[in-house]
There are 2 protein chains.
Amino acid sequence: MDELRIGIVGLGNMGGTYCGQFSAGEYKRCRLTAICDSDAQKLEAANAGDAKRFSDAREMFESGLIDAVIIATPHYAHTTLGIMALEKGLHTLVDKPISVHKADCERLIAAHTDSSVVFAAMFNQRTDPRYIKLKELIDSGELGKINRINWIITDWFRTQQYYSSGGWRATWAGEGGGVLLNQCPHQLDLWQWLFGMPAKVRAFCGVGRYHEIEVEDDVTAYLEYADGSNGVFITTTGEAPGTNRLEIAAEKGRVIIEGDDLQWLRNEVPTSEWSKTCQGGFQKPAQWEITIPAKGRGPQHVGIIRNFIEAVLDGKPLIAPAEEGIHSVELANGMIHSADIGQTVNFPLDGATYEAALKKKIETSTFVKKVDESAGKAADMSSTY
Amino acid sequence: MDELRIGIVGLGNMGGTYCGQFSAGEYKRCRLTAICDSDAQKLEAANAGDAKRFSDAREMFESGLIDAVIIATPHYAHTTLGIMALEKGLHTLVDKPISVHKADCERLIAAHTDSSVVFAAMFNQRTDPRYIKLKELIDSGELGKINRINWIITDWFRTQQYYSSGGWRATWAGEGGGVLLNQCPHQLDLWQWLFGMPAKVRAFCGVGRYHEIEVEDDVTAYLEYADGSNGVFITTTGEAPGTNRLEIAAEKGRVIIEGDDLQWLRNEVPTSEWSKTCQGGFQKPAQWEITIPAKGRGPQHVGIIRNFIEAVLDGKPLIAPAEEGIHSVELANGMIHSADIGQTVNFPLDGATYEAALKKKIETSTFVKKVDESAGKAADMSSTY
């Protein structure tokens with residue numbers, strides 16, 4: 001194949017952005033040949049050149065006009081449309097989260113039976129040079145064993161108007177959760193990508209603490225690994241200005257990612273070895289102050305779409321295989337479930353139990369959402385990751 | 001009274017330091033007239049001029065040579081000696097923690113029946129200008145309601161040799177706990193002093209995670225207030241270099257104390273008001289970047305002892321009344337108990353239940369501590385707070 005024919009389904013904020021990127025010539029060796037949305041106005045307004053318009057995804061998938069599809073619909077449809085696309089043999093790039101709950105992730109992943117079909121997920125923050133560098137330091141053993149992780153990711157501020165801008169937003173039926181399902185899939189994916197999956201979680205969620213919504217907008221989660229390593233993940237959409245600070249305490253010192261650079265106070269001797277051999281009581285190992293410059297945030301969404309195209313055309317390895325997307329969903333589900341039952345939840349999570357609990361929430365929801373359609377325009381998503 | 005006659009009981013690291021301060025003339029309108037330790041060598045070696053030496057505290061208390069006493073013994077004796085001193089009508093300054101567990105705190109405080117007797121505690125970090133400034137900002141309402149607190153206080157690194165330097169160290173019988181009872185009373189006191197007591201705690205403790213000890217050396221605690229405000233307190237003696245970073249998310253912005261200054265990103269409009277009225281979805285309130293200089297760490301121990309002397313001679317209000325010392329002990333006890341039972345613990349804590357649990361640990365302890373007496377000298381405490 002010399003040129004990849006791509007379709008986009010879902011022309012909301014992200015789908016619309018991708019259309020614009022294709023029209024602006026961001027992507028080579030490919031063409032945007034079809035777009036799809038159930039909203040005729042969005043379909044009409046899309047910046048997509050002469051791409052054929054579809055109001056029905058199945059028709060687009062079966063049109064013979066596309067070899068690959070980008071799924072940028074609301075979350076629940078990632079599963080149904082993803083399965084449909086994979087069953088048609090379409091190379092598929094699904095936005096985050098890959099599904100809303102673990103059982104749906106498993107269904108979606110199970111549909112990927114043909115290894116010659118490329119199946120990727122939009123974890124664009126994996127292209128951020130700060131996290132790439134951190135992963136190199138971890139995987140190469142430079143940092144030694146990691147003892148503690150602390151991620152305060154509270155700079156996801158959203159106004160009440162944001163939540164009022166769509167009836168599906170921040171509802172169990174519409175998104176399957178709040179900040180953990182909408183804003184945090186990125187950080188939860190990075191967490192498991194960098195540190196692996198923990199053995200268990202105990203989380204505390206504030207449901208509608210800062211906004212009139214029925215889902216969590218404030219979360220503190222304690223995560224523990226089988227070897228005793230542990231960490232805390234804190235997030236909210238209710239704080240301004242908020243913080244995005246990732247701290248890692250490892251045998252070879254402390255790494256902090258906050259702002260542009262990666263700051264590493266490097267121990268000349270690993271902490272535990274020093275503790276056992278030092279003849280003083282208080283002295284710390286000698287340190288190096290290291291700054292690893294990592295200006296900018298990398299190619300982000302554009303990088304993931306280019307990688308997807310290269311994976312199809314050149315067999316290049318994916319930055320974010322969709323299969324790996326189950327972990328961030330499992331982390332989010334585990335946190336919500338732990339808070340719901342007031343207990344520690346072990347991983348792997350039982351997907352069926354969680355799905356049943358979520359369905360019950362949807363069925364028994366009495367929350368009446370105030371929707372302000374005029375707010376749609378105000379909620380400009382162009383700067384969202 | 002024109003001149004206060006002071007005795008010191010306990011000539012370990014801190015007691016010895018206080019002696020030196022008296023000898024160096026740090027304190028006016030007072031005289032160090034008596035010192036006491038059961039260790040004859042320490043008594044002999046003390047830098048205490050012509051102060052009379054006692055090997056028995058009761059004899060010193062009844063000698064008629066002192067009006068006031070500083071109790072700087074190992075923790076458990078704070079209670080017994082504190083009660084004895086108060087019953088003799090001596091003005092009493094007790095080192096932190098005021099007792100090891102809540103029930104002992106109550107017994108000690110109950111002995112303070114005469115309001116003309118001054119009873120203070122060594123919470124020297126209350127003299128740190130950074131925390132004083134923060135308290136002013138909170139108490140004056142400048143910050144508005146506090147929504148979240150995060151204190152990472154992991155720069156308490158201690159080697160194995162530190163723990164080996166004394167058989168009592170880091171044992172249930174000798175200290176009643178680990179990092180929470182020995183190193184953290186300061187931060188736990190500042191926490192309750194600044195933010196008040198939470199409604200409940202769920203904590204996770206690593207017992208002997210980094211050292212060969214029978215008590216906790218690694219703690220993560222989630223604290224929640226009745227109004228939904230919450231916070232995380234993280235500490236350990238096993239990390240190098242470690243962190244000391246206090247972050248407060250309030251209605252009027254975010255304050256961070258790390259290093260010398262107090263950094264405040266101040267919202268022009270309180271977050272919740274902005275969230276309700278802003279017509280956009282993502283915009284945060286306008287901010288001011290404020291740096292409040294607070295160089296240095298204040299007079300610390302010297303400041304507390306001077307304040308104690310002025311409280312007796314001039315009726316000056318205490319910086320740290322000993323009665324307030326029960327709260328940091330209750331927080332420490334609550335964290336340990338929560339980790340032990342694997343459940344959330346509500347405040348106020350039941351002191352009798354906790355005391356019974358602690359006694360059982362002491363009675364059933366099978367831990368054999370390796371003590372290296374030669375390590376005593378190596379563990380120079382001169383730089384400890």
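By the beta-carbon count within 10 Å of each Cβ, the least crowded to most crowded order of A:Leu246, A:Leu11, fewest first, is A:Leu246, A:Leu11. Remark: chain B carries a charge dipole of roughly 460 debye about the Cα centre, counting +1 on each Lys and Arg Cβ and -1 on each Asp and Glu Cβ.
For the protein assembly as shown, a crude dipole built from +1 on the beta carbon of Lys and Arg and -1 on the beta carbon of Asp and Glu, taken about the Cα centre, is about 460 debye to the nearest 20. Remark: A:Ile234, A:Ile98, A:Ile6 ranked as A:Ile234, A:Ile6, A:Ile98, counting other beta-carbon atoms within 10 Å and listing the fewest first. Of the residues B:Ala339, B:Thr243, B:Ala221, the one whose Cα sits farthest toward the positive end of the charge dipole of segment B:216-357, with +1 on the Cβ of Lys and Arg and -1 on the Cβ of Asp and Glu, is B:Thr243.
Close amide H partners of B:Val69, meaning residues 5 or more places away or on another chain with modelled amide H under 5 Å apart, are B:Gly7, B:His91, B:Thr92, B:Leu93.
Counts of other chain beta carbons within 10 angstrom of each beta carbon in peptide B:267-276 average 4. For segment B:114-268, the Kirkwood estimate of hydrodynamic radius, built from reciprocal distances between every pair of different alpha carbons, is 16.9 Å. Within 10 Å of the Cβ of each residue in B:285-292, the mean number of Cβ atoms contributed by other protein chains is 1. With label points defined 7 Å past Cα in the direction of Cβ, position B:Ile292 shows copy-to-copy spacings of 3.6 nm, given to one decimal and shortest first. Spin-label model, B:Glu323 to A:Asp39: label points 7 Å out along the Cα-to-beta-carbon direction sit 6.2 nm apart.
P(r) tail for segment A:244-322, what percent of Cα pairs lie past 17 Å? That tail contains 63 percent of the Cα-Cα pairs.
With Rh defined as the Kirkwood radius, the inverse of the mean 1/r over Cα pairs, the Rg/Rh of segment B:1-114 is 0.95. Rounded to two decimals, the Cα-based Rg/Rh of chain B, with Kirkwood Rh, is 0.99. Taking the Kirkwood radius as Rh and the Cα radius of gyration as Rg, segment B:284-373 has a ratio of Rg/Rh equal to 1.16. Peptide B:231-237 shows a mean partner chain C-beta count of 3 within 10 Å per residue C-beta.
Here segment A:1-58 is described by how far its Cα atoms reach on the three principal axes: 32, 23, 17 Å, from widest to narrowest.
Footprinting exposure proxy ranking of B:His101, A:His211, A:His337, fewest other C-beta atoms within 10 angstrom first, gives A:His337, A:His211, B:His101.
Starting from the label point of B:Gly20 at 7 Å along Cα→Cβ, the same points in the other copies fall at 6.5 nm, in ascending order.
Rg ratio for segment B:106-164: its Cα radius of gyration over 2.2 N^0.38 Å, N being its residue count, equals 1.74. Centroid-to-centroid, using Cα positions, segment A:28-60 and segment A:128-165 are 34 Å apart. Amide H to amide H, with H built 1.01 Å from N, B:Val269 comes under 5 Å of B:Ala286, counting only residues 5 or more places away or on other chains. Helical content of chain B, expressed as a calculated mean residue ellipticity at 222 nm, amounts to -9500 deg cm²/dmol (DSSP H runs of 4 or more residues, -39,500 (n - 2.57) each, divided by residue number, nearest 500).
Using 1/(1 + (r/R0)^6) with R0 = 41 angstrom and r between the beta carbons of A:Asp227 and B:Trp288, what's the FRET efficiency to the nearest 0.05? Please list the in-between numbers first.
Working: r = 44 Å, r/R0 = 1.08.
In this case the efficiency is close to 0.40.
For the protein assembly as shown, the share of DSSP beta bridges that are antiparallel, to the nearest 5, is 60%.
Once the C-beta distance of B:Lys295 and B:Asp56 is scaled by a Förster radius of 35 Å, the resulting FRET efficiency is 0.20 to the nearest 0.05. The convex hull defined by the C-alpha atoms of segment B:134-174 has an orientation-averaged projected area of 5.2 nm². If you bin all the Cα-Cα distances of segment B:66-158 at 10 Å, starting from zero, the percentages per bin are 14, 34, 26, 23, 3. The orientation-averaged projected area of the convex hull spanned by the Cα atoms of segment A:138-227 comes to 6.6 nm².
Ordering B:Ala77, B:Ile6, B:Gly141 by Cα displacement along the dipole of segment B:1-146 toward the positive end leaves B:Gly141 in first place; charges were set at the Cβ atoms of Lys, Arg (+1) and Asp, Glu (-1). Debye-formula intensities of the protein assembly as shown, expressed as log10 I(q)/I(0) at q = 0.04, 0.10 Å⁻¹, are -0.20, -1.02 (one equal scatterer per alpha-carbon, no solvent).
Note on segment B:245-333: with charges restricted to the Cβ of Lys and Arg (+1) and Asp and Glu (-1), its dipole about the Cα centre is near 240 debye.
Summary for A:Trp168: label point 7 Å along Cα→Cβ; distances to the equivalent points in the other copies, ascending, 6.6 nm. Over all orientations, segment B:267-306 has a Cα convex hull whose mean projected area works out to 4.9 square nanometres. Inter-label distance, B:Lys370 to A:Gln343: 4.0 nm, where each label sits 7 Å from its Cα along the C-beta direction.
What separates the Cα centres of segment B:190-231 and segment A:168-208 is a distance of 24 Å.
Students often check this: by mean Cβ neighbours within 10 Å, which of B:143-153, B:195-205 ranks highest, and how do the rest follow?
Output ranking for B:143-153, B:195-205: B:143-153, B:195-205.
Taken together, the values in this text are just the output of simple stated rules run on the coordinates, not laboratory data. Everything numeric in this text was worked out from a predicted model, so none of it was measured. All Cβ positions, glycine included, derive from the backbone under ideal geometry; neighbour counts span all protein chains shown.
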